[in-house]
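K.L.:
My structure is below; once you've seen it, I'll send some questions.
Read-outs: derived from the displayed coordinates by stated rules, not from any lab. Remember, predicted model here, so these are calculated numbers, not experimental data. A quick note on method: Cβ atoms are made from the backbone with ideal geometry, for glycine too, and the neighbour counts reach across all protein chains shown.
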Amino acid sequence: MAVSRLFFFVGKGGVGKTTLSSSFSLMLSKKGLRTLLISTDPAHSLSDILETEIGTRRVEVLPNLYALEIDPYREAHLYLSEVLGRMERLLNPDVFSKVKDMFHLLEDSPGLTETAIIERVSRIVLEESYDALVVDTAPTGHTLQMLRTVSKAGDWIERLIKNREKSESFKRAAGRESRDELVSLMKERRTRLEKFYGKLFSKDTLFVPVLNPEKLPILETMRAVGRLRSMGIDLKYLVVNKVLNVKSEDEFIRKRLAQQEIYMRQIEENFRDLNKIIIPLMERDVKGMEMLGYVSDTLERSWKSS
């Protein structure tokens, strides 16, 4: 069992990643694909947009459409508890007591939430059966950090394994029997993360940057696209969200349209090799299945023609 296709909607906070990932998931589910939509953003808004209570347990929103909000802090606590549980079985009580005190200090350490999210998402990707997994990511910086963590985790675990095996070889040389379960656990985790890494950087996974026709989102997206490509991620699509598409004699509207035209030219120039999908600014908030349906239909037409 494994998820067949992965889609990550990435971008600056507030550009509409949740709207786009929800609409895209709805589009896939309408095609008959069993789709799981998950949010890794601590400031979840899936419940508001889907108008269905979503939490840490997956919910069936519609036929073929399921949703789940991953709480990074809860996942970090569960991750540490799981690791501690394994350590308790492997260490003598005196050593474990010291390790336990150290682990409590790790609860607020940098990078822990990214590691915990990776653990949860990797298990979903490799162990559960969906046609598609759509991820509504945290703002760009958090997502890039998560990818860097995944790419480095295998090397870090490999060094731990080598150090542990060297220690165990000394014990055996001294005539002491040693059956190291910790090495087995680390090798198991290394294998899982290697598989997850392979899936993330395969043709089955698509990263879709989302931005608005505004200066700061354009600059942040340029940096994000550069970093994603430096990691070896091939990008194909770019979603330009909240594009004003009206004609008006009102001076304010005309000035906004003139400014937007400048930014749209910049988007075309800076992302020339990406297929642009334009989503218009809607006349009211995008929430609930009716409004998501409009965005979903626009996405489907653009996706086919891109």
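K.L.:
Using only alpha carbon pairs under 8 Å that are at least six residues apart, calculate the relative contact order of the stretch 193-285 and give it in whole percent.
P.N.:
In percent, rounded to a whole number, it is 34.
K.L.:
Calculate how large, on average over all directions, the projected area of the Cα convex hull of the stretch 225-306 is; give the answer in nm² to one decimal.
P.N.:
7.0
K.L.:
I would also like to ask the following. So how much slack lies between Leu78 and Glu290, counting 0.36 nm per residue of separation and subtracting their Cα-Cα distance, in nm?
P.N.:
Difference between extended and current length: 72.6 nm.
K.L.:
Can you give the Kirkwood hydrodynamic radius for the stretch 1-85, in Å, rounded to one decimal and based on Cα pairs?
P.N.:
The answer is 13.9 Å.
K.L.:
Multiply the residue separation of Leu244 and Leu216 by 0.36 nm, subtract the distance between their alpha-carbon atoms, and state the gained length in nm to one decimal. Show your work: numbers first, answer last.
P.N.:
Working: separation 28, 0.36 × 28 = 10.08 nm, distance 1.73 nm.
Roughly 8.4 nm would be gained on extension.
K.L.:
Less than 12 Å Cβ to Cβ from Asp273, Lys/Arg counted +1 and Asp/Glu -1: what total charge do the surrounding residues give?
P.N.:
Residues close to Asp273 contribute a combined charge of +1.
K.L.:
Full-extension gain between Met264 and Leu126, please, as 0.36 nm times their residue separation minus the C-alpha to C-alpha distance.
P.N.:
That pair, Met264 and Leu126, stretches by 45.8 nm at full extension.
K.L.:
Counting other beta carbons within 10 Å of each Cβ, put Thr19, Thr56, Thr149 in order, fewest first.
P.N.:
Thr56, Thr149, Thr19
K.L.:
Pull up all non-local amide H partners of Arg5: gap of 5 or more, or a different chain, and H-to-H distance under 5 Å with H placed in the peptide plane.
P.N.:
So Arg5 has HN proximity to Ala132, Leu133.
K.L.:
With a Förster radius of 25 Å, plug the Cβ-Cβ distance of Arg57 and Arg148 into 1/(1 + (r/R0)^6) and report the FRET value to the nearest 0.05.
P.N.:
Computed FRET efficiency for Arg57 and Arg148: 0.25.
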